[in-house]
Amino acid sequence: MTNEVIGEAIYLARLSSGLTVAVARRPGFKKVFATFATHYGSIDNTFVIPGTEEPVTVPDGIAHFLEHKMFEKEGGGDVFNDFAALGASSNAYTDYTSTTFLFSSTSKVAENLEILLDFVQRPYFTEANVNKEKGIIEQEIRMYLDMPQDRLHSNLMGALYQHHPVRLDIAGSVESIRTITPELLYQCYQTFYHPSNMVVFIVGDVDPEDIWRQVERNQARKKFAMQPPITRPPTVRIPRVEQKMPVSAPLFMMGYKDTQVAGSGDALLRREIAMGLMWQMLLGKGSPLFADLYQAGLINERFHARYSGGTTFGVSALGGETLDPHRLESWLVERLLVEELNRDDLARLKKKEMGEMIGLFQSPEDLAYAFNNMFFRGIDLLSYIDVLSSITLDEIQEVRDSQLQEQSRAVSLILPVANSND
């Protein structure tokens, strides 16, 4: 994968196990950043186990639970200590569509890579360690329930979607995680942690050929069953949701559910770029609407608008702190569809986006996140510049007209407890 415009390349190999290994070589970089990711996230709660015919539904939050349990080793101890002993830092995260394990290191890259490959491919679940983890994750869930910004977003997703599992918290609920068993964890692991559903991505001053050979040797020592394709069966609830919490000022978030999700590949990338440009033109810090809202005291400098999504969902979310959420909502509804969109702004924003893409290659962590995010959706990261360059003003206007419809809009509010009449 190369892009001559920005002079960058990503080296890809698909190994005999089905695992894809990608390397972004960065000569002179002292730090190496590596990820091992699976195309399995919180929305994958109903699926067909390979070799069977009927879909199964697993507890909400199980992908996140599984991520936590992967760090525990048979015989005691955890993988964090193994990485630390080699001078590396490690972590993991689960989002709606993927789970990623990672390390960063300035030395002993080969040894750390072996640890990464091995612990992700050696699950160890027992009744005792699963039950212990339930208490830990229950505390995490309760912590998020007390965080206003987290509630603001979660409530919005629950308002926008009636059935899609993106409406559910990534960590699940206290009730759902209590039903998780070792058997269910192994079931999910065997379905989604097959090499053919995963990718290794490494950024740093490393030789791609050396990395490919090391990973191939590692995989050759392991046995993997043949894996047919994973089947994921397809699947605005309410226009407004309010919650009272101890905040100093109301928190506002308006969302639009994308009703024309573009699937995968360049079509999906094209829609995401067009959506992103549209929101920058409408509500970027240099836009007339942002200036008017700011001068009216309805928003502060942290007010934002962005689009995000996957192959089966897409959401535009705009919001921040405001002293008058109802007036802010009225202004936005009234003006978003009539604001002028012009070619000069589009050209300026394209240059800005191109600069940010070039800068991405200077941050190993950001590059790895972007690569994994696009890889599992069939997008070539290096095609971003070409697609960006070809976006037209007509497309931006069409996206606005189709996206900003009342029937796909919902509002989430977090209001100060002091406003309660209880």
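No value in this document is a laboratory result; all are computed from the given coordinates. Values in this document were obtained by computation on a predicted structure and should not be read as measured data. Backbone-built Cβ (ideal geometry, glycine too); neighbour counts: all protein chains shown.
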Dimensionless Rg over Rh [segment 240-419; C-alpha; Kirkwood]: 0.98
Lysines near LYS285 by alpha-carbon distance under 22 Å, same-chain residues fewer than 8 away left out - which ones? LYS350, LYS351, LYS352
Can you compute the label reach from LYS31? Point 7 Å from Cα along the Cβ direction, backbone N cut-off under 16 Å, restricted to segment 57-72. none
Determine the calculated [θ] at 222 nm for the chain from helices alone, applying -39500 (n - 2.57) to every DSSP H run no shorter than 4 residues and normalising by the residue count; nearest 500 deg cm²/dmol. -12500 deg cm²/dmol
Which pairs break 25 Å Cα to Cα here: LYS73/LYS132; LYS69/LYS222; LYS108/LYS222? none
Which order do the peptides 369-380, 349-360 come out in when sorted by mean C-beta neighbours inside 10 angstrom, highest first? 369-380, 349-360
Average projection area in nm² (convex hull over Cα atoms of segment 2-220, one quarter of hull surface): 14.7
Per-residue Cβ contact counts at 10 Å, fewest first, order THR311, THR191, THR106 as THR106, THR311, THR191
Based on the Cβ-Cβ distance of VAL261 and ASP386, what FRET efficiency does E = 1/(1 + (r/R0)^6) give at R0 = 22 Å, to the nearest 0.05? 0.50
P(r) for the chain, please, calculated from all Cα pair distances in 20 Å bins and given in %. 23, 55, 22, 0
At R0 = 41 Å the Cβ-Cβ FRET efficiency linking ARG302 and LYS108, nearest 0.05, sits at 0.50
Compute the distance from the alpha-carbon center of segment 172-214 to that of segment 263-298, in whole Å. 34
